[in-house]
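To start, the structure under review is shown below, and the notes come after it.
The values are calculated or read from the model by the stated rules, or taken from the named source; none is laboratory data. In this text the structure is predicted, and so the values were computed from the model without any measurement. All Cβ positions, glycine included, derive from the backbone under ideal geometry; neighbour counts span all protein chains shown. The protein model used for the area step is the full one, side chains on, heavy atoms only, and it has no ligands, DNA or RNA in it. Shrake-Rupley method; radii C 1.70, N 1.55, O 1.52, S 1.80 Å.
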Amino acid sequence: MTALTDRDRTDDRWDDGLIARSRRLATRKGRRGGSTGPAGTDPESLQGQDPGGDTKDRGRSPDENPGRDLDPGRDLDLDLDVDLDFDEEQDAGDEALVRAVSGAGNDGGKAPAPPLSPEAQALRTRLDALRQLVGLSRTRLDGKTLAEAGRVLDEAAARRGLSPQHTVVAIAGATGSGKSTLFNSLAGVQISETGLRRPTTAAPIACSWSDGAAGLLDRLEIPGRLRRRPRETSEAEALRGMVLVDLPDLDSALLTHRDHVDRVLALVDAVVWVVDPEKYADAVLHERYLRPLAGHAEVTFVVLNQVDRLPGEAADLVLDDLRRLLDDDGIALGEHGEPGATVLGLSALTGEGVGELRELLGQFTQEKGAATRRISADVDRAAARLRPLYVADGHAGPEIGEVARAEFEDRLAEAVGAYAAGLAAERAWRRNAGKACGTPWLRLWRWYESRRAPRSLAGLAALAAIGRSPAVSAEPPVEEEVTARQRVEQAVRLVADEAAVGLPDSWAQAVRETAVRGAERLPEALDDLAVTLGAAVAVPSAKPPRPTWWPAAVLAQAAMTLVQIFGGLWLVGQIVGVLEPRLLPPVLFMVSGIIGGPLVEWACSIAARGPARRYGQDAERRLRQAAAGCGRARVLEPVAAELLRYREVREQYATVAAGGTRLSTTRQ
């Protein structure tokens, strides 16, 4: 908004001769008694303020001159020798008018804020939530999407910083509807020009029923020369606190006029829409203004003007049809004591129904809740436009379910080869158990085979494999690496899609992008895990731990071996003749050792299945947990943080969208 400077106000605001007249008034009072005016008002202090009214035909009473011509600079050469007694009768009224229109003794429209009503407190909560909502969404949504919400916050802050004791009401309508005539009728004085020429009103004209509205009019960018005061009557007292603004035609052929209408309608507290019997169903009025502002029904008045032109019951029929059109536009009607738009018929020319409208506007102004209602309606409209960005129907809650987490971890474990590593660890444990619990003759055979293996081509390859480092030997083929990367990408894509189910499009896209960013180095990290943990459990040289029964099995195998040796030596001694020939005992000893050794080995292999299986499962679990931890840190936790952010903005949006307590209306 373009605020007027003090110099602008001095040169441009309501300078209709009252400033000069107040100086002459002080001069005349100085002649008579040297006083400076009631309450010590210094005429010089009135310079640069907001004077109003006019002294045209000063010699006539206000009743004889109800339409004050407020043309700036007129009658500066009034006769100073008129009857001073008559001047004194108007001195008090003139000085009061000067103080009222100048804003002397006030803060220019910014009054101390009274205690907030429950409705205002609810509105403040909604505005705070909307501010946080915009802040949390800046990095997720584009600026154009949040522009409407930002505008509502700016305008709400601007309006709440101005006088809450005033209600700004605009009179809007199409060409020839009688807006200016109704404006003048409510003001009780000819302010806005009327006539057959179209368009007649070229710029917004304001009429304030009390002082302190300068800041509000500055916000509307209404210059001082277009600011007026109504005629001082008993009826005007009921409208104290109202600022009435007459707008140009909303269907004017001039673009500047329509721009004035759109700009002011976005800033006022309430609107009186004036329609006539010929154009009350005009498409421009309904499609461009009434329908988009359907949520502002509580601050809307729709008056059917020129009912004096309708014969008999035609006015009631037109009013009923007008109500039907408003209902089609989605505007709630304030009937049967319910809050909503007020619809009535009147004739600004004859005065029929104007008194009823004046009474309704007076009650509406005295409630002092129009600004709160207007801002609440703006917040409602902004929330409705933002709903597709924060609410998706049928979504219970943004989270990654346990099933989705388990499937994601399973896919990562499959990609890292956790199951194969567990099988390799189990085989290694059983192979180590076979070496420890096997017969010495079997160990000797295996040692012989290992010594003999390098002489064959397969042995040379095995020896070369032993000579390679674990990191090199554990490196997977290119095909396996590509397959593992594809599995990782598929796992990330599936868990992101699962997390984004039911989210609004913008937030679903944000969740997917977060998952993709986290998964950029995930395949490499899983490869490192496969090399370190997988190789540790799969390399044969890495001996697994032994169970407690292992020493007993080794001793039993050693005993069987000693029995075989003892029986063999005994038999040899008999053959040589050293010992007494008794063939059966040594043979039994040898057979016992020969059979007992493999039997112990077989029993150990059976007993080793359980520990070997547990050892393999433990190795698989370690690798699975490591892969799952890597996936959680890189994918699941960032996605969960994004979902938490969405839950926060969803909660803020729920606060913004909450309608709050509506003000009780006195309009019927």
Mind giving me the nanometre distance, one decimal, between the label points for residue 445 and residue 559, set 7 Å out from Cα along Cα→Cβ?
2.5
Which length gain, in nm to one decimal place, applies between residue 587 and residue 234 when the Cα-Cα distance is subtracted from 0.36 nm times their residue separation?
113.2 nm
Using a 1.4 angstrom probe on heavy atoms only, work out the carbon and sulfur share of the accessible area of the range 306-397 in %.
49
Label point distance in nm, residue 384-residue 497, each placed 7 Å from Cα along Cα→Cβ
3.6
Between residue 607 and residue 356, 0.36 nm times their residue separation minus their Cα-Cα distance comes to what?
80.2 nm
If Lys and Arg each add +1 and Asp and Glu each add -1, what is the summed charge of the other residues whose beta carbon sits under 12 Å from the beta carbon of residue 293?
-2
Among 551-559, 421-429, 179-187, 263-271, the order from most to least packed when residues are scored by Cβ within 10 Å on average
179-187, 421-429, 263-271, 551-559
Please report the spacing between the Cα centers of the range 493-519 and the range 312-390 in Å, no decimals.
45
